[in-house]
Amino acid sequence: MKLTAKEEEVMTLFWDKGSLFVRDLLDCYSEPRPHFNTLSTIVRGLEEKGFLDHNAFGNSHQYFPIISREDFRRSTLKGVIRKYYSSSAFSAVSSLIEEEDISLNDLKKLIEEVERKNS
């Protein structure tokens, strides 16, 4: 499940606000706002990709997310691990520990948290 930066920006608004008409979505932006047709195209693309669905109200459509933010995060993380770490979660975590300079104490806390969740 890949999204462009603009698509992810729009999805974040849906995840934060819930169901929206494109006009409502437009109101979420400060000036200079994107053009209505641009947002409408992005929203229809997100629907085609399976991220949004809609309820019809006459000629208007109220869109709502059908993929949760957490499912998107999980899928994106799995894709990064597959693409950049040869599907090795161990390599990904090792890299994060090195790059973020995580202390041994923080690592122990993380292990305890994972063990608690898995018990």
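All of the numbers you see were taken from the coordinates with simple rules; none came from a lab. Since we're looking at a predicted model, the values are computed, not measured. As a convention, Cβ positions derive from the backbone with ideal geometry for all residues, glycine included, and neighbour counts pool all protein chains shown.
One table, with the values for the structure above:
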quantity	calculated
For L110, net neighbour charge (Lys/Arg +1, Asp/Glu -1) across residues whose Cβ lies under 12 Å away	-1
Lysine pairs meeting the criterion (Cα under 17 Å, 8 or more apart or interchain), as found in the chain	7
Compactness of the chain - radius of gyration and Dmax, Cα, Å	19.0, 59
Helix-only CD estimate at 222 nm, as mean residue ellipticity for the chain, using -39500 (n - 2.57) per DSSP H run (n ≥ 4)	-20000 deg cm²/dmol
